[in-house]
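Inspection log for the structure reproduced underneath, given as structure tokens.
The values are calculated or read from the model by the stated rules, or taken from the named source; none is laboratory data. Everything numeric in this text was worked out from a predicted model, so none of it was measured. Ideal geometry is used to build each Cβ from the backbone, glycine not excepted, and the neighbour counts take in all protein chains shown. Note: areas computed on protein heavy atoms with side chains; ligands, DNA, RNA excluded. Shrake-Rupley method; radii C 1.70, N 1.55, O 1.52, S 1.80 Å.
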Amino acid sequence: MNEGDKLVSIFGNIEDPRSHINQLHNLEDILLIGIISVICGAETWKQMVEFSNSKEEFLRKFLELPNGIPSDDTINRVFSSIESSQFETCFIDWVNSISKLSKGQVIAIDGKTLRGAKSHGKKSPVHMVSAWADQNNLVLGQVRVNEKSNEITAIPRLLEKLFIEGNIITIDAMGTQTNIANKIIENKADYILAVKENQEQLLEEIKDEFRFSKNIETDINIDYGHGRIETRKCSVISEFKFIDNSNNKWNKLNQVIKIESLREFKNSDKLSEKATRYYISSLTDKAINYQKNIRSHWGVENKLHWTLDVAFSEDASRKRNNNAAQNYSILLKIALNLLKNEKTEKQGIAGKRLKAGWNEAYLLKVLNVKV
């Protein structure tokens with residue numbers, strides 16, 4: 001079964017929110033119209049319909065379309081009313097079915113606010129937490145943060161849905177919580193968690209370790225590029241004197257890490273930038289590997305969040321009705337995964353979207369569908 005067939009079969013598990021008398025169009029057809037049109041550049045419900053009308057003969061090769069192309073009102077109504085938790089689960093099931101995660105890689109977990117979903121100037125109520133597999137270049141899944149909650153409660157729900165065994169979970173300071181560390185270890189994975197002022201006592205203990213320890217392993221990396229020189233010094237301590245973890249408060253805490261970075265700008269009056277960051281980890285590893293793994297965490301920003309904003313205009317999306325923003329976010333991530341995993345075309349996501357819209361043979365490659 002190819003990716004396209006798997007996508008259709010897994011979507012069949014989503015409960016249709018419409019009454020029987022309003023089901024003029026198959027739910028699977030509507031969902032696939034959404035995915036295919038987004039891949040090809042559509043960013044609104046109306047654009048989805050315009051694209052589908054222009055490609056109806058092509059779409060009929062693998063969609064039923066018993067009553068033609070649905071209207072933009074119908075597409076809007078369906079994506080606004082689909083139960084988002086079901087859609088999220090189906091998305092994760094689909095990713096699991098098409099990918100074999102490379103073990104030992106970084107899975108970065110991070111949140112993003114859908115800014116365009118705000119209403120009447122109020123702060124956006126839609127905040128998503130996503131998991132990004134850096135080596136596989138895949139979005140593994142997402143969950144929405146409840147309006148009266150935050151990422152601390154959303155991250156464990158996401159971890160429960162993912163297959164993370166044998167991999168390294170990286171999370172920023174918001175996710176540095178004992179229950180989250182426990183959840184990662186329970187799922188037979190390792191963690192690298194950032195430590196800031198939200199864990200004030202732990203942060204002071206880590207600073208004392210680096211202030212007084214005589215046994216520190218270090219690695220220095222110098223990066224030249226983008227008009228700057230960045231020097232990163234990674235220091236690792238494995239034997240603690242000031243961190244009391246005798247009651248295993250932090251499950252399998254084995255090492256603490258300090259990253260000191262200095263950015264110097266060439267041919268510029270801009271001042272140099274210094275930063276020091278601290279981490280805890282369940283790994284027993286070398287400083288040179290922490291350099292790579294901690295830096296890999298930022299792939300969730302550069303390869304996922306940035307791409308969604310620049311190539312898919314996610315931040316500009318004004319979808320607000322009910323579950324529309326959340327479900328549209330899933331559509332974008334499905335499209336992103338399909339486009340990133342099409343390897344024959346050597347250009348960026350925006351260029352691939354254009355080619356998929358113009359070239360039906362290439363679109364079939366992206367979808368991995370044979371007709």
_Debye calculation, C-alpha points only, no solvent: report log10 I(q)/I(0) for segment 243-345 at q = 0.18 Å⁻¹, in the same order as the q values._
-0.98
*asked:* Can you compute the helix-only [θ] at 222 nm over the chain? Use -39500 (n - 2.57) per DSSP H run of at least 4 residues, normalise by all residues, nearest 500 deg cm²/dmol.
replied: -11500 deg cm²/dmol
*asked:* Within the chain, what whole-number % of the accessible surface is contributed by carbon and sulfur, with the 1.4 Å probe and all protein chains included in the calculation?
replied: 46 percent
*What base-10 log of the normalised intensity I(q)/I(0) is obtained for segment 131-290 from the Debye formula, alpha carbons as equal point scatterers, at q = 0.11, 0.15, 0.19 Å⁻¹?*
-0.52, -0.92, -1.24
*Name the trypsin sites (Lys or Arg not before Pro) in segment 275-371 that are in a loop by DSSP and that have at most 10 other C-beta atoms within 10 Å, would you?*
Lys343, Lys346, Lys370
_Mean accessible surface per residue for segment 210-350, computed with a 1.4 Å probe while every protein chain stays in place, in Å²_ = 54 Å²
*Averaging sequence separations of C-alpha pairs under 8 Å and six or more residues apart, then dividing by the length of the chain, give the relative contact order as a whole percent.*
19 percent
*For the chain, modelled as a GNM with alpha-carbon contacts under 10 angstrom, which of Gly111, Gly141, Gly166 fluctuates the most?*
Gly166
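For segment 304-371, what value does the Rg/Rh ratio take when both radii are computed over Cα atoms and Rh is the Kirkwood radius, given to two decimals?
Computed over Cα atoms, the ratio is 1.01.
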*Mind checking which lysines have their C-alpha under 19 Å from Lys61, skipping anything on the same chain fewer than 8 residues away?*
Lys6, Lys365, Lys370
*For segment 127-160 and segment 64-103, write down the distance between their C-alpha centroids in whole Å.*
18 Å
_Dipole moment magnitude, nearest 20 debye, segment 245-371 about Cα centre, only Lys, Arg, Asp, Glu C-beta charged_ = 240 debye
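Contour minus end-to-end for Gln23 and Trp298, with contour as 0.36 nm per residue of separation and end-to-end as the Cα-Cα distance?
Fully extending the segment from Gln23 to Trp298 adds 94.7 nm.
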*Apply 1/(1 + (r/R0)^6) to the Cβ-Cβ distance of Lys343 and Gln105, taking R0 = 25 Å, and write down the FRET efficiency to the nearest 0.05.*
0.90
*Beyond 27 Å, what share of the Cα-Cα pairs of the chain is found? Please give it as a whole percent.*
53 percent
*Given a cut-off of 26 Å, name the pairs among Lys252/Lys286; Lys100/Lys343; Lys161/Lys258 whose C-alpha atoms lie farther apart than that in the structure shown.*
Lys161/Lys258
_Are there any GluC sites (Glu not before Pro) in segment 217-295 that are in a DSSP loop and have at most 14 other Cβ atoms within 10 Å? List them by number._
Glu239
*Return the distance in nm (one decimal) between the two label points of a simple spin-label model at Asn67 and Glu230, each offset 7 Å from Cα along Cα→Cβ.*
5.3 nm
*Dimensions (Å) - segment 1-81, Cα atoms, principal axes, largest first*: 32, 29, 22
*asked:* As an exercise, identify the trypsin sites (Lys or Arg not before Pro) in segment 198-249 lying in DSSP coil whose Cβ has no more than 14 other Cβ atoms within 10 Å.
replied: Lys214, Lys241, Lys249
*Gln135 versus Gln201: modelled label distance in nm, points set 7 Å from Cα along the beta carbon direction*: 3.7 nm
*In terms of Cα to Cα distance under 16 Å, which aspartates and glutamates are near enough to Lys55, apart from those fewer than 8 places away along the same chain?*
Asp29, Glu64, Asp72, Glu360
*Calculate the spin-label point distance for Lys370 paired with Thr276, positioning each point 7 Å from the Cα along the beta-carbon direction, and give it in nanometres.*
6.0 nm
